[in-house]
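A.B. asks: Before anything else, here's the structure in question.
The values are calculated or read from the model by the stated rules, or taken from the named source; none is laboratory data. Since we're looking at a predicted model, the values are computed, not measured. Every residue, glycine among them, receives a Cβ derived from its backbone with ideal geometry; neighbour counts consider all protein chains shown. All accessible areas refer to the heavy atoms of the entire protein, side chains included, with ligands and DNA or RNA removed. Shrake-Rupley method; radii C 1.70, N 1.55, O 1.52, S 1.80 Å.
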Amino acid sequence: MSFDLKSLELFVRVATLGAIGRAGAEFNLSPTTATQRLKTLETELGVKLLNRTTRAVSLTPDGEILLEHARRILDDV
């Protein structure tokens with residue numbers, strides 16, 4: 001399994017902000033591109049990480065677990 005750290009960073013920002021568009025903008029990504037990166041990350045990991053609605057984004061139980069690990073990984077890097 002390999003995924004890029006930028007996608008992991010994006011995931012952490014989305015989880016923190018609760019908004020894909022705002023988090024994507026911080027990485028100079030359009031909302032569509034940010035969403036595609038997150039979907040790719042979910043596909044690579046084989047789990048759904050985020051619940052998406054038109055107004056909000058929230059973590060799934062798997063997303064909550066990944067968030068803890070992702071923060072540690074990014075701190076170590």
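A.B. asks: Please go through (1) outside any helix (DSSP H, G or I); (2) open to solvent by less than 30 Å² (accessible area, probe 1.4 Å); (3) of a type outside the set (Asp, Glu) for Ala34 and return the number of the only condition it doesn't satisfy.
C.D. replies: Unmet condition: (1).
A.B. asks: Quick check: anything in the range 59-71 closer than 13 Å to Ser7 by Cβ and surrounded by 11 or more Cβ atoms within 10 Å (Cβ to Cβ)?
C.D. replies: The answer is yes, given that some residue of the range 59-71 is closer than 13 Å to Ser7 by Cβ and surrounded by 11 or more Cβ atoms within 10 Å (Cβ to Cβ).
A.B. asks: Looking at the range 17-29, is at least one residue open to solvent by 50 Å² or more (accessible area, probe 1.4 Å), under 12 Å from the mean Cα position of the chain (by Cα) and touching a residue at least 24 places away in the same chain (Cβ under 8 Å)?
C.D. replies: no
A.B. asks: On the basis of being within 12 Å of the chain's Cα centre (by Cα) and either surrounded by 14 or more Cβ atoms within 10 Å (Cβ to Cβ) or assigned to a helix (DSSP H, G or I) (or both), does Leu74 make the cut?
C.D. replies: The answer is no for Leu74.
A.B. asks: In addition: Can you list residue pairs whose Cβ atoms sit under 7 Å apart, with the first residue in the range 41-62 being of a type in the set (Asp, Glu) and the second being open to solvent by less than 40 Å² (accessible area, probe 1.4 Å)? Count only pairs 6 or more apart in sequence or on different chains.
C.D. replies: Glu42/Leu49; Asp62/Leu49
A.B. asks: Could you run through the range 1-16 and say how many residues are more than 10 Å from the chain's Cα centre (by Cα) and either over 19 Å from Ile73 (Cβ atoms) or outside any loop (DSSP other than H, G, I, E, B) (or both)?
C.D. replies: Counting residues in the range 1-16 that are more than 10 Å from the chain's Cα centre (by Cα) and either over 19 Å from Ile73 (Cβ atoms) or outside any loop (DSSP other than H, G, I, E, B) (or both) gives 1.
A.B. asks: Consider the range 41-52. How many of its residues are out of contact with any Phe, Trp or Tyr (no Cβ under 6 Å at 6 or more places or on another chain) and open to solvent by 70 Å² or more (accessible area, probe 1.4 Å)?
C.D. replies: 3
A.B. asks: Also, I was wondering about something else. How many of the residues making up the range 17-44 are among the hydroxyl-bearing types (Ser, Thr, Tyr) and under 20 Å from Ile73 (Cβ atoms)?
C.D. replies: Total meeting the criteria: 2.
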